[in-house]
1. How high is the relative contact order of region 1-128, in percent, with contacts defined as C-alpha pairs under 8 Å that are six or more residues apart?
2. Evaluate region 161-207: find the radius of gyration of its Cα atoms, find its Kirkwood radius, and give the ratio Rg to Rh.
3. Name the shape class, rounded, prolate or oblate, that the alpha-carbon gyration tensor gives for region 62-113, where a ≥ b ≥ c are the square roots of its eigenvalues, rounded holds for a/c under 1.5, and otherwise prolate holds if a/b is larger than b/c and oblate otherwise.
4. First obtain the Kirkwood hydrodynamic radius of the chain from its Cα pairs, then insert it into the Stokes-Einstein equation at 20 °C and 1.002 mPa s, and state the resulting D in µm² per second as a whole number.
5. When the chain is fully extended, how far beyond the present Cα-Cα distance does residue 31 get from residue 140, taking 0.36 nm per residue of separation?
6. State the extension gain, in nm to one decimal, for the chain segment bounded by residue 187 and residue 52, taking 0.36 nm per residue of separation less the distance between their alpha-carbons.
7. Helix 159-171 versus the longest principal axis of the chain: what is the Cα-based angle in degrees, 0 to 90, to the nearest 10?
8. On a full-extension model of 0.36 nm per residue, what is the gain between residue 68 and residue 126, subtracting their alpha-carbon distance, rounded to one decimal in nm?
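All of the numbers you see were taken from the coordinates with simple rules; none came from a lab. Treat the numbers as computed from the prediction; the structure is a model and nothing was measured. No Cβ is skipped: glycine too gets one built from the backbone with ideal geometry, and neighbour counts run over all protein chains shown.
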Ligand SMILES: CC(C)(COP(=O)(O)OP(=O)(O)OC[C@H]1O[C@@H](n2cnc3c(N)ncnc32)[C@H](O)[C@@H]1OP(=O)(O)O)[C@@H](O)C(=O)NCCC(=O)NCCS
């Protein structure tokens, strides 16, 4: 039976939501029960369903405030589907899905953008122009505006614009894999699905010479998953992975001396580690 991962402790999430914990060996799905493949447009409704089900209500209340929401959930889902649609005709965007082989249910989703391609976070409104949405799907200006009207501009457009700028500062023009989003439907979490969705790109990245970096922005609760997979924190929520590495959490510092743990961030631990790896 697979070993249980060594626990990585991360700072508590400001939302108070629990962080992820190592996958229990007895809960892990057998690899024959999981198939990893590229999604098609037909999978988009389930992908959107997963977005709304997997990220917590606090997240959605900030991104899509209740006051801005359309009258029905069906319209809300439909608008999200249409905002994501153009990414499916871009050859550099890979929507990777994990399916439960016995039932054919989609259990989890990863959106990977391939290295070398111009990257534009597809949650930004300008992504619609970037991906040529207007030339592919005719619609009136009013319909077009309606698609974006549910979103809190500051939490959505402004934040993702800043994230794109931060990524540029961290990696410059270096080709890299970019991950947004990653989620496992709640009923399938803690069973090894997320790890396989990450491995889809990690395995390709590690095969190149030199290895290709991977970049992502993490929710506060999922940081340990990424650190366990070798991603090194760069700031509040962004991570870079450059080949296999061990990234330790707060507990590594707690053993070093009384009173020190409170003032030590995971970032500092990770940077130290990165320096040690580079030496
Ligand atoms: C984050 C998320 C995608 C993880 O998906 P999952 O299917 O539950 O993940 P897995 O069961 O494959 O576990 C991931 C890996 O991290 C490890 N892990 C998780 N928490 C850990 C911790 N605290 N310390 C050490 N390892 C940890 C697991 O053991 C597993 O590694 P292993 O297979 O080598 O044992 C899932 O919790 C989720 O969808 N959360 C809500 C949405 C979200 O926050 N997404 C992240 C956006 S950036």
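1. Working: 111 pairs, mean separation 31.2, N = 128.
Computed value for region 1-128: 24 percent relative contact order.
2. Ratio of gyration radius to Kirkwood radius for region 161-207: 1.08.
3. Because a/c hits 1.5 or more and a/b fails to exceed b/c, region 62-113 counts as oblate.
4. Roughly 107 µm²/s, to the nearest whole number.
5. On the way: separation 109, 0.36 × 109 = 39.24 nm, distance 4.68 nm.
Stretched out fully, the residue 31 to residue 140 stretch lengthens by 34.6 nm.
6. Full extension of this stretch gives 47.3 nm more.
7. With both axes taken from Cα atoms, the answer is about 50 degrees.
8. 18.9 nm
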